[in-house]
Structures are given as structure tokens and as C-alpha cells.
Amino acid sequence: MRLTILGLGYVGTVTAACLAAQGHEVVGVDVDPIKVEALRCGHCPVVEPGLDEMVRDAVRIGRLRATSDTAAAVRQAELSLVCVGTPSRPDGSADLTQVRRVVEEIGLALADGDLPHTVVIRSTVPPGAVTHLLGPLLAERSGRRLGVSLDVAMCPEFLREGSGVRDFHAPPLLVIGGSDRAVAMLRELFDFLDCEVHTVPVEVAESIKYSCNAFHAVKVAFANEMSRLLRRAGVDSREVMNVFVRDTDLNISPAYLRPGFAFGGSCLPKDLRSLLHLGRTYAVDLPLLTGVLSSNELVVRDLAERVLRRVEDRDPANRRVAMLGLSFKAETDDLRESPNVALAEYLLGKGVDLRIHDPIIKPARLTGSNLRHVQTRLPHLQRLLTDTAEEALDGAVVAILAYADESGRRALQAASPDTLFDLNGYYGRDIDTMPGYEGVGW
């Protein structure tokens, strides 16, 4: 393909050299004349292991060139990859000045032609930027309609400085969001990569890079926060983490990384509080772990407030709400620190007429700390429970689905309440497509 790479920083130069090495004709564009001149002479404009030789070879055989003339480069290409920076503004927001400028220049360059062209955003931009800002700007400046002879896509990069060439050839993910034509072109461009292609909506493609980097930051902070605490307790945190990462079922795995309702139960909240107390004992500040509990409480409160708004919007005189599932997870009667119990308590305190169905919960069988917890939080549980899901849903304007067996799901579909809040999102399209469906975080 004939490609234009806009931005010759770490991402752009690695991308340009690696794609030229695959046989593509690549023109790198940058406003910095020093970078342009360096690349023209076969010198790598950035320091990156293994890149000097790749740039030199690609320039020597004529597959890689550089220019400051955006218009000329774009007019000769069928694909433009935007790789300019999006640094932080003083308020923390992403500065899209360079991306906007480059997209505008691409659009103006395409205004006088009619050959099909695809613009790919590889810069890290916030969700919605491509659809609501960059795409319309590109269409306006080019005078073309998106999807006719002009396409735009989001294809985030996952290159780390210091290992950029290796990461380019062995990416953890290849994510593409865009039109069918843009997706097909990028699949062809990257068909030499031995990795799964994830075709997703544009906003999802934009969000994945942010999610990855945020999680990486959390992992670093978690390991360091635990080490500050464990050092004071006389524990070698390196040994702890060496064993910690060997658990690939729960610790280093997809486990728990699924949007849903708050965590609860007899272990997680208790042990977090114990660690925080240990931190206070040793005068060690643990902001990350403290924030975990606060974040968990916000999930419950946010949903409670959404439920109350739906009740008020529908009919303030009818405050009937049905909840399917009460314990902290399905197939158990453990109510200790269940977020569903906390939600029920909050709603009752706001005057909601709540009915609960949980086929596992039998008040007469609750004992010990489990019984004491529910007596403290929901002293009138017996009055709230119904024998069937149909009874709980009868007359309810809002339903909350924590979990339900097959008969409970059938009853939910038959009742078809005005609003359904799905707390976990794992029942599939039969539930997702119900009228009034809302997820907790989707």
C-alpha cells in the first residue's frame, strides 16, 4: 500500500519503519524539520533499540521517505495513519490540538481529489473524539461524505518506548474500530501479525487504550503500596508478589475484570479493612486500597439513585420495586456484606415499596454472623421476601436483576417492567433486549 504516517515521534517512526519493512511505500510527515531531515538521510529521529538499521535500510531501498508537505504526501497515499501526540492540558484533559491540525490538513489535501482514502487515528484520544470531532472535521475540510470515498477508523497502538519494534511485531492486541471498508484495509495492512483482530465500535477502540494504561498504572501502584506496608511489617514484598502472580486463575487472569455490581461477601471487604488498619498501625498511607472501598460504595449509591429517579419519573404514587437475588452472589445464602443487601437497605430508607425474591434465601435457616448481619441491615426481611419471582414483580415499575434461575427470568420477561436494571450482564440477549433495559455500567 501507499501510506502516509503523520507524526515522526516514537510511535510514528516505529510504525513507518516496520510497515516499510513489510514492503509498503511509506512517507513520514512531521512539522519538525530536524526529524524530517534526519529520516531523509537514513537516520532514526528517535532513540529506540533496533530502529536505526530498519530506518536506514528502508530509506536506502526507497520504501521510506520523509517530508513536511502534508498535502503532497496525503494525495499520493491511500491510507493515512495519524500518530501525533495528545499531551495533557493543565486541567488533565487530552490536548487534541495536534490531532485536529493534522486531520484538518488531511481533509484539505483531499478536497481536490476523488480517490478513496482512509484515515486511521493511532493517537490516544478520548471516547467520542473520532465520531464527534475528528470525523466531522475531516468530512468538512475535504468536502466529502464519510463512508463514500472517505473512511475514518480508530486503531490504537500498544508500543512501549524501549521495546517499540518488538511490541509492533508482537502486539498484545490489534483493535480496529471503523467502517467495513476501513476495517478490511487495516486487516490487510496488518495481516503479517500473528494475533487476533478485535473489530469493535469506534468508541470501544478509543477506550481500550485508556483502560489498558489505567490498569497498568493500578498494577504498579498496587505492588508499590503493598510493598510500603509489608516492608514495615518485616516482609519481603518481592517474595509475596513472586507467589502472587503464580495464581493465573484469579490474580493474573480475566477473573473479576467484568463490569457489574459492587463486591461483597465475607472476605474482600473484611480483609481490605484489616490491611487499612495495619497501615494505620504502621503509619503507612494506603490511598489506593482506601479508594477501593470508597469506589465500591459509590457503585451501590449510584445505582440506588438511578432506581429512585426512575421510580419518581414513572409515578411517584407507585413506588414498587422488585429485586431478584439478595445474597452477594448466586447459589449461596451468604448475606454478609452483600451489596444487594446494602442496596435494599438504602431503597427502603428512601420509602421504596420493595419486594425481594431469592430462591436460596430461607430466613429460618440463617444462622450465626449471617443471621446477625441481615437482622442489623434488614430486620424485616421475612416481610420483604416473596415465594416466587412473579409475586415480587407484580405491580413493580422497576426491577433489579442480581441473579435469577430460569423460571425467574421467564417471570421477568413476562412482567416486562418499565425499567430493568441488570447488575451483572451475563444473561444474554433475552434480557439485554427487553424494553427499559439498563446495565450498571454499560
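The values are calculated or read from the model by the stated rules, or taken from the named source; none is laboratory data. Bear in mind the structure is a predicted one, so any value in this text is a computation, not a measurement. Neighbour counts are summed over all protein chains in view; Cβ atoms, including those assigned to glycine, are modelled from backbone coordinates with ideal geometry. Only protein heavy atoms, including side chains, enter the accessible area calculation; ligands, DNA and RNA are left aside. Shrake-Rupley method; radii C 1.70, N 1.55, O 1.52, S 1.80 Å.
Not counting the cut sites, what is the longest span of the chain without trypsin sites (Lys or Arg not before Pro) that DSSP labels loop and that have at most 11 other Cβ atoms within 10 Å?
Here the longest run is 247-442.
Considering only alpha-carbon pairs that sit under 8 angstrom and 6 or more positions apart, the relative contact order computed for the range 1-87 is 42 percent. On full extension, the segment bounded by residue 257 and residue 277 gains 4.6 nm, given 0.36 nm per residue less the C-alpha separation. The range 10-56 and the range 180-231 have Cα centres separated by 24 Å. Restricting to bridges with both residues inside the chain, how much of the DSSP beta-bridge set is antiparallel, in percent to the nearest 5? About 5 percent, rounded to the nearest 5. If you filter the range 372-440 for chymotrypsin sites (Phe, Trp or Tyr not before Pro), then keep DSSP loop positions with at most 11 other Cβ within 10 Å, what is left? Here the chymotrypsin sites (Phe, Trp or Tyr not before Pro) that fit, given the DSSP loop and packing criteria, are 426. The calculated 222 nm mean residue ellipticity attributable to helices in the chain amounts to -13500 deg cm²/dmol, summing -39500 (n - 2.57) over DSSP H runs of n ≥ 4 and dividing by all residues. Over the range 301-432, Cα pairs under 8 Å with separation of 6+ residues give a relative contact order of 28 percent. Taken as Cα centroids, the range 91-112 and the range 269-284 sit 48 Å apart, rounded to the nearest whole angstrom.
For residue 278, the shell of other residues with beta-carbons less than 14 Å away shows a net charge of +3, using +1 for Lys and Arg and -1 for Asp and Glu. Bridging of residue 35 to lysines at a Cα separation below 28 Å is possible for 209, once same-chain residues fewer than 8 apart are set aside.
Report the longest stretch of the chain that contains none of the GluC sites (Glu not before Pro) sitting in a DSSP loop with at most 11 other Cβ atoms within 10 Å.
Working: sites that count: 196, 331.
So the longest stretch without any such site is 1-195.
For the chain, the average shadow cast by the Cα convex hull is 26.5 nm², which is a quarter of the hull's surface.
Accessible area of the range 293-373 with a 1.4 Å probe: how many percent of it is carbon plus sulfur? In the range 293-373, the share of accessible area belonging to carbon and sulfur is 46 percent.
Straight-distance candidates among the aspartates and glutamates for linking to residue 362, with alpha-carbon spacing under 17 Å and chain neighbours fewer than 8 residues away dropped: 331, 333, 334, 387, 391, 405. With protein chains left intact and a 1.4 Å probe, residues in the range 125-245 average 53 Å² of accessible area per residue.
Taking the Cα centre of the range 186-249 as origin, work out the dipole magnitude from +1 charges on Lys and Arg Cβ and -1 charges on Asp and Glu Cβ, in debye rounded to 20. Display every interim value, and only then the final one.
Details: 8 positive and 11 negative charges, 121 e Å.
In debye, rounded to 20, the range 186-249 gives about 580.
Can you give the charge dipole size of the range 1-156 about its Cα centre, rounded to the nearest 20 debye, using +1 on the beta carbon of Lys and Arg and -1 on the beta carbon of Asp and Glu? Don't skip to the end; give the middle numbers.
Values: 15 positive and 18 negative charges, 30 e Å.
Its charge dipole is roughly 140 debye.
The Cα center of the range 319-376 and the Cα center of the range 120-178 differ in position by 46 Å.
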